[in-house]
Amino acid sequence: MAGEYVLSVILKATNLSNGAVGGFMKNIDAAHAAVLGFAIGGAAAIVGLGVASVQMAGAYDQNMRKVQALTGSNTAQMTQYDSSLKKLAVNAGVAPKELADGLYNVMSAGYKGKDAINVLTLATEDAKIGMTSAAITSDALTNVMASFSVKASDATRVNGEMLQTVTLGKATFEQYASSIVKSASSASQFHVSMETMNAAWSTMTANGIKAAQASTDFQS
């Protein structure tokens, strides 16, 4: 009723014709429909984000349980790992679930406590530089370190050499990380140094040989 009263006042004040009134009302209805559609779409987007967040949180918790099962860490230790990962996630702009994947790789290689977080932090930086995942870079870093029996205290040096190898060669960090593990195993078996391996790999890729092929050629 209030709407009809307001409309009658508008008609008297503006002398609108019936046809004009019809168009006016259609415009109002269209505007209402647009607002309603926007509101529904926004609500759906919010719900979608909420579902995605819950799924990511569930995946993170599942990975952290895997870490605990692997290492036998107690509640206090897991709380410390959880705190460190979430802090790293904020600083690096990487999802906690992805970092939990990386932590599992690092701890599978035998690193624990501060050493594990330090290695994971380096791998996370590599992931950002190489636009790949912390799971891939942590796997590469820990396997190279294990192949050449490098201590955790030298992780920064090894990581720096890996980055330099990619810079001097012609490939992405992900390509290097995905192909260098087998080369490292072969190099260690035949007592070839990490520096020689990386130099050979970067030289071959710099001369047009694909990353995977460079690793295969080096092993041969």
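May I ask you to list the lysines whose Cα is less than 26 Å away from that of K210, ignoring any residue fewer than eight positions away on the same chain?
Correct list for K210: K128, K170, K182.
Heavy atoms of the protein only, probe of 1.4 Å, neighbouring chains included. What is the accessible area of E98 in Å², nearest 10?
Its heavy atoms expose roughly 50 Å² to the probe.
Quick check: from the Cα gyration tensor, does the stretch 89-187 come out rounded (a/c under 1.5), prolate or oblate?
oblate
Of all the accessible heavy-atom surface of the stretch 111-220, with the other protein chains kept in place and a 1.4 Å probe, what percent is carbon and sulfur? Can you show the working numbers first?
Values: 2880 of 5380 Å².
Roughly 54 percent, rounded to a whole number.
Compute the signed sum of charges (Lys and Arg +1, Asp and Glu -1) over the other residues within less than 15 Å, Cβ to Cβ, of G208.
+1
Let me know the shape class of the stretch 153-203, please: from the alpha-carbon gyration tensor, a ≥ b ≥ c as square roots of the eigenvalues, rounded when a/c is under 1.5, otherwise prolate if a/b is greater than b/c, or oblate.
Oblate shape, in that a/c is at least 1.5 and b/c is the bigger or equal ratio.
The values are calculated or read from the model by the stated rules, or taken from the named source; none is laboratory data. Owing to the predicted nature of the structure, the values given are computational and were not obtained by experimental measurement. Here Cβ is always computed from backbone atoms with ideal geometry, including for glycine, and neighbour counts include all displayed protein chains. Surface accessibility is based on the protein's heavy atoms, side chains included, excluding ligands, DNA and RNA. Shrake-Rupley method; radii C 1.70, N 1.55, O 1.52, S 1.80 Å.
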